[in-house]
Amino acid sequence: MSASSFLKALKAEGLTVVEVGDWRDHNRNHQGPWGPVHGVMIHHTVTKGSARTVDICREGHEDLPGPLCHGVVTKDGKVHLVGYGRANHAGLGDDDVLRAVIAEKALPRDNEAGTDGNRHFYGFECENLGDGDDPWPAAQLEAIERAAAAVCRHHGWNERSVIGHLEWQPGKVDPRGFTMASMRERIRDRLK
């Protein structure tokens, strides 16, 4: 999907989208290929404050250059587009999980980290401290649902093409505060 198609799909799903800078050309493609893309990965940011969160996800930090995702879902339910193409969000993960995503089957337990997820997943970082106490407003959960559904709808994927970072890479806990099973149910219902 082109960057323009990505934007169009998100808006068609009823999302409020904020375009940040030159997001269409902001990527890490010089570090390796992007694609074939097979799914959507959901994260939490461990940050507070929408403007700061969007800036970090766009620019990255000393140890990890941006973009750190394609879209940032802030607590108000807006999706801020910060990059398009390869982004530093998924890292290395389990090839058995990738095969399950491609086949749209139940996920196995992630127990290895040898496959480049930055190549194969769209990434949405979601503003939350990730401590299990920071609330997930209804507008934000709905935006996560809509954003993932928009990408799935464009590609003809079902809800099993959407995973959390914690399902991809051993040791990751994000997103914390809701279950991916419940989010996949919401996405499934939206895609009907």
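The values are calculated or read from the model by the stated rules, or taken from the named source; none is laboratory data. Here the structure is a predicted model, which means the values were calculated and not measured. With ideal geometry, Cβ positions are generated from the backbone for all residues, glycine too; neighbour counts draw on all protein chains shown. Keep in mind that these areas ignore ligands, DNA and RNA; they rest on the heavy atoms of the full protein, side chains included. Shrake-Rupley method; radii C 1.70, N 1.55, O 1.52, S 1.80 Å.
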Does ARG146 qualify as being open to solvent by 20 Å² or more (accessible area, probe 1.4 Å), closer than 15 Å to GLY35 by Cα, at pLDDT 95 or above and charged (D, E, K, R)?
no
Helices (runs of 4 or more DSSP H) enclosed by region 101-192 - at least 2 residues per element that are among the small types (Gly, Ala, Ser), within 19 Å of ASP76 (Cα to Cα) and in contact (Cβ under 8 Å) with a residue 40 or more places away in the chain:
138-155
Selection within region 7-23 - touching a strand residue (DSSP E or B) at 6+ places or on another chain (Cβ under 8 Å) and either touching a residue at least 12 places away in the same chain (Cβ under 8 Å) or open to solvent by less than 40 Å² (accessible area, probe 1.4 Å) (or both)
LEU7, LEU10, LEU15, THR16, VAL17, VAL18, GLU19, VAL20, TRP23
Of the residues in region 65-79, those that are under 15 Å from ASN128 (Cβ atoms) and open to solvent by less than 30 Å² (accessible area, probe 1.4 Å) come to LEU68, CYS69, GLY71, VAL72, VAL73, THR74, GLY77, VAL79
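Matching residues to (1) touching a Ser or Thr at 6+ places or on another chain (Cβ under 7 Å); (2) among the basic types (Lys, Arg):
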| site | (1), (2) |
| --- | --- |
| THR74 | yes, no |
| LYS78 | yes, yes |
| ARG86 | no, yes |
| THR115 | no, no |
| ASN118 | no, no |
| GLU145 | no, no |
| VAL151 | no, no |
| HIS155 | no, no |
